[in-house]
Amino acid sequence: MMAGNELYVGTAIGLIVIGFVAVLTRRNLLKIVLGFSIADTGVNLLIVSLGWLPGRTAPIVDDPSMFSDRAALAVNAARVVDPVPQALVLTAIVIGVGVTALMLAYVIRLYAVGGTLDVRQFGRLKW
Amino acid sequence: MKQIVAVVALATLAILLWQLAPIAMPSGLGVVAQHYAEHGVQDNRGANLVTSVVVNYRGFDTLGEVTVLFLSVSGAAFVLRRRTGLEVHEPRRASEIVRTGARLLFAPIVLFGTYIFVHGHLTPGGGFQGGAVVASGVLLLLLANKDHPLPHGFLSWTESLSGLGFVAAGLAGLWAGGSFLANRGILPLGTWNQLFSAGVIPVIYTFVGLKVGSELATLLDVMMHAADEEVHQ
Amino acid sequence: MDIVTLFNLEDLLICAVILVAALGAVLHRNLLAAVVFAGVVSLAVSYLFLRLSAPDVAMTEAAIGAGITTVIFLIAVRRTEEVEREEP
């Protein structure tokens, strides 16, 4: 693939893998939540970099002549990157902070109950 | 053994993602994106196409999304509700500089956040970004005045009423334009690049900004102060 | 074609910063430092969003990802413990 976005895609995949390394190998609950948060950032970067088209500008119309008629609008559509993944990621970031906050609330509550952040100490629901 | 399984799983994940990425890489805009890019300006008369997609074309998605944020904040507040055992550090009084600076800066920060979400249809930015800026102003207040509680009634009323306003704007679109959140026949579309243009979009984004701002402010307050009371009693 | 002519030098630097900071966030024993590393990741990723012509997403990532998320992590660290314990 020679699309010009290999660097961004590679960084995004790197972030996802590093985040899941934290989730799978760390034992500290805060580190696990931090890993989920980093993987979340990586997924967002991956989606935006897949919607990116080299040489095109942001999806904001800055020229009034651009919508004088249908032909100009088609020209404008050929100038901008895909707005749909950007809109998707916009909401995904906000949902990410909500989910992270909920996980952190559980971490604080578990620390209050168990006095430790070690995930191996919370085995009562394990079977 | 577990380490090996983890390494194998992560390597598989990385290779799969790298192999799948070029399949999703388009050579141009997709059909849907092409439609949005061509009709976004005429339908909504807003300069920012991302705002057109977030608020108008996929506004229902955004409505669900602010609901998810509300639910997760309520969940965090429920998990951290008053109960014995939660250790909270005794709040230390902030320094004079922080308190004076917070009094000075709070109004400009909230004004800036409002500016961001009111101009969402013209410039980059909108309800989510502006709401986060407003919440950061509230965070400054929380850091400066640790003994003054936030006005919870005001925050929850703002949150509920702006959610209601969002749904009301959607229903107005259903009544006037024929589909939920339709941007036709409610407010005039106006001229491109004016503050009062793009029909109902700035109104909805203002509601989203107020809702997100009050939700994030409540979240910060819950994370900082939940279960503080039992320590003082 | 070598890699510096293929990609922008600043982009390469920023991507290196992102990956190193992410590794730091995962590996550092001090949780406060790990949280700050994660904030650096978010801030650098918001620069990449700007380079990918997504100014809206860049603003959201900078305000929410690097701002609010880091703050709630810091609050969580303050309410639990700061150092990852070395346990068998």
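Can you tell me which residue within segment B:81-109, out of those that are open to solvent by 100 Å² or more (accessible area, probe 1.4 Å) and farther than 23 Å from residue C:78 by Cα, is modelled with the highest pLDDT? The selected residue is B:104. The set of residues in segment A:83-99 that are of a type outside the set (Val, Ile, Thr) and either free of Cβ contacts under 8 Å to residues at least 24 places away in the same chain or over 22 Å from residue A:36 (Cα atoms) (or both) comprises A:83, A:87, A:90, A:98.
Within the bounds of segment A:71-82, is there any residue that is buried (at least 18 other Cβ atoms within 10 Å of the Cβ), touching a residue at least 24 places away in the same chain (Cβ under 8 Å) and of a type outside the set (D, E, K, R)? Yes; the residues of segment A:71-82 include at least one that is buried (at least 18 other Cβ atoms within 10 Å of the Cβ), touching a residue at least 24 places away in the same chain (Cβ under 8 Å) and of a type outside the set (D, E, K, R).
Scanning segment B:154-181 for residues that are touching a residue at least 24 places away in the same chain (Cβ under 8 Å) and under 17 Å from residue B:55 (Cα atoms) yields B:162, B:163, B:165, B:166, B:167, B:169, B:170, B:172, B:173, B:180, B:181. Within segment A:100-127, the set of residues being among the β-branched types (Val, Ile, Thr) and without any contact (Cβ under 8 Å) to a residue 60 or more places away in the chain comprises A:108, A:113, A:116.
Considering only residues in segment A:41-59 that are more than 10 Å from chain B (Cβ to nearest Cβ) and open to solvent by less than 50 Å² (accessible area, probe 1.4 Å), the one that is nearest to residue A:97 (Cα to Cα) turns out to be A:41.
When B:189, B:143 are screened for being within 14 Å of chain C (Cβ to nearest Cβ), over 18 Å from the mean Cα position of the chain (by Cα) and of a type outside the set (Ser, Thr, Tyr), only B:143 passes. Restricting segment A:1-15 to residues that are open to solvent by 10 Å² or more (accessible area, probe 1.4 Å) and more than 7 Å from every other protein chain (Cβ to nearest Cβ), the residue that is modelled with the highest pLDDT is A:10.
In the set (1) modelled with pLDDT of 90 or more; (2) buried (at least 17 other Cβ atoms within 10 Å of the Cβ), residue B:115 fails one condition alone, (2).
All told, residue B:187 meets the bar of being closer than 22 Å to residue B:49 by Cα, among the hydrophobic types (A, V, I, L, M, F, W, C) and open to solvent by 50 Å² or more (accessible area, probe 1.4 Å).
Please specify each residue of segment C:45-57 satisfying the condition of being open to solvent by less than 10 Å² (accessible area, probe 1.4 Å) and either of a type in the set (A, V, I, L, M, F, W, C) or in a loop (DSSP other than H, G, I, E, B) (or both).
C:45, C:48, C:49, C:52, C:54, C:57
Of the residues that make up segment B:139-148, is at least one at positive phi and assigned to a loop (DSSP other than H, G, I, E, B)? No: zero hits. Condition check for residue A:90 on (1) open to solvent by less than 10 Å² (accessible area, probe 1.4 Å); (2) more than 8 Å from chain B (Cβ to nearest Cβ): one failure, at (2).
When the test is whether a residue is at the interface with another protein chain (Cβ under 8 Å from one of its Cβ atoms), open to solvent by 30 Å² or more (accessible area, probe 1.4 Å) and at pLDDT 90 or above, residue C:36 does not pass it. If you go through segment B:114-140 and pick out every residue that is more than 9 Å from chain C (Cβ to nearest Cβ) and of a type in the set (Val, Ile, Thr), you end up with 4.
Yes/no per residue for (1) of a type in the set (Ser, Thr, Tyr); (2) away from chain B (no Cβ under 14 Å):
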position	(1), (2)
C:28	no, yes
C:52	no, no
C:55	no, no
C:60	yes, no
C:64	no, no
C:73	no, no
C:82	no, no
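Scanning segment B:36-80 for residues that are in a loop (DSSP other than H, G, I, E, B), open to solvent by less than 60 Å² (accessible area, probe 1.4 Å) and within 7 Å of chain A (Cβ to nearest Cβ), which turns out nearest to residue C:72 (Cα to Cα)?
Looking at residues that are in a loop (DSSP other than H, G, I, E, B), open to solvent by less than 60 Å² (accessible area, probe 1.4 Å) and within 7 Å of chain A (Cβ to nearest Cβ), I get B:80.
The values are calculated or read from the model by the stated rules, or taken from the named source; none is laboratory data. Please read all numbers here as calculations on a predicted model, not as lab measurements. A quick note on method: Cβ atoms are made from the backbone with ideal geometry, for glycine too, and the neighbour counts reach across all protein chains shown. Quick note on the areas: whole protein, heavy atoms, side chains included, nothing else; ligands and nucleic acids left out. Shrake-Rupley method; radii C 1.70, N 1.55, O 1.52, S 1.80 Å.
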